[in-house]
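Chemist: To start, I am sharing the structure in question, which I have written as structure tokens.
The values are calculated or read from the model by the stated rules, or taken from the named source; none is laboratory data. Note that the structure is a prediction, hence the values are computed from the model and not measured. Using ideal geometry, Cβ is built from the backbone for each residue, glycine included, and neighbour counts are taken over all protein chains shown. The protein model used for the area step is the full one, side chains on, heavy atoms only, and it has no ligands, DNA or RNA in it. Shrake-Rupley method; radii C 1.70, N 1.55, O 1.52, S 1.80 Å.
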Amino acid sequence: FTIPSNTIVTINNTLQMLPTYMGAYFVFWEYGKENVTIDGKGTIAGDNKYHLYISPYAGKNYYGEWGVIFKCIKCKNFVFRGVTIKDAFGDCLAFSGSHLPNEYGRRYADGLLVENVKILSARRNGVTIGARNVIIRNCHFEGCGNETAKGTPPKCAIDFEPDGIRHYSEIGNQNVLLEHCTFKDNYFDVGSS
């Protein structure tokens, strides 16, 4: 799914992804979108608890790690408030700049607020960040990357990923605030890879 710019999505029920055997997918794919709010008291759940481990990814007993619920690339002014995001095969939320070589000078992600959100049981990371002006406030992170979630590296509740920063300095993290968050039973609470 793709959410258009300048949109508010309120979720008060449970959106449950159907099981898949795919090692790479995005439930919500957001590229270059602006001014999007996802709020409510509902839940967005991936398929990690029900994932079909029947076909090894890339010919190895690995199965992939890129099953992302919200994949936001080069986006601006996104708000996640009040919802629960859980059971991602990869990351519950990934918010980062673009690695495409033709986007020099305009590849960064800017403006993310994650507030009063529960991030639960992500297999890889709860939240992956590579952006400017990020606030993660009053959130609860539980069970990310651990054995119960069948964790795969980096196994963090919050992971700062400056992948490619040597080539594209503008995709690094700048002006990030973590405030009043709680962490329970994650493999790592906060990391950088």
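Chemist: Please label the shape of the chain as rounded, prolate or oblate, based on the square roots a ≥ b ≥ c of the eigenvalues of the alpha-carbon gyration tensor (a/c under 1.5 means rounded; beyond that, a/b larger than b/c means prolate, else oblate). Provide the component values of the computation, followed by the final result.
Modeler: Values: a/c = 1.36, a/b = 1.17, b/c = 1.16.
Rounded shape, in that the Cα axes give a/c under 1.5.
Chemist: Within the chain, what's the longest stretch lacking chymotrypsin sites (Phe, Trp or Tyr not before Pro) that sit in DSSP loops with no more than 16 other Cβ atoms inside 10 Å?
Modeler: Numbers: sites that count: Phe1, Tyr21, Tyr53, Tyr62, Tyr104.
Result for the longest clean stretch: 105-193.
Chemist: Quick check: pseudo-label points 7 Å beyond the Cα along Cα→Cβ at Thr7 and Lys41, how many nm apart are they?
Modeler: Roughly 2.5 nm, to one decimal.
Chemist: Given Cα positions, please report Rg to Rh for the range 126-167, the hydrodynamic radius being the Kirkwood one. List each step's numbers first, then the result.
Modeler: Numbers: Rg = 12.2 Å, Rh = 11.8 Å.
Rounded to two decimals, Rg/Rh equals 1.04.
Chemist: Amide H neighbours of Asp87 under 5 Å, at least 5 residues apart or on other chains, H built in the peptide plane: list them.
Modeler: Here the answer is Gly46, Leu120, Ser121, Ala122, since their amide H atoms fall under 5 Å of that of Asp87.
Chemist: Follow-up. Taking R0 as 41 Å, what's the FRET efficiency between Thr20 and Ser192 from their Cβ-Cβ distance, rounded to 0.05?
Modeler: That gives a FRET efficiency of 0.85.
Chemist: For a Förster distance of 41 Å, can you work out the FRET efficiency between the beta-carbons of His99 and Glu147, rounded to the nearest 0.05? Could you put the intermediate results ahead of the total?
Modeler: Working: r = 31 Å, r/R0 = 0.76.
The pair His99/Glu147 has a calculated efficiency of 0.85.
Chemist: Next question, about the same structure. With θ set to phi - 60°, apply the Karplus curve 6.51 cos²θ - 1.76 cosθ + 1.60 along the range 16-28 and write out the HN-Hα couplings as whole Hz, x wherever there is a Gly or Pro.
Modeler: Result, ordered by residue: 10, 5, 6, x, 9, 9, 5, x, 9, 6, 10, 6, 10 Hz.
Chemist: Quantify, in whole percent, the carbon and sulfur part of the accessible surface of the chain (1.4 Å probe; protein heavy atoms only).
Modeler: 53 percent
Chemist: Quick one: length gained pulling Arg81 to Arg137 fully straight, 0.36 nm per residue minus the C-alpha distance?
Modeler: 19.2 nm
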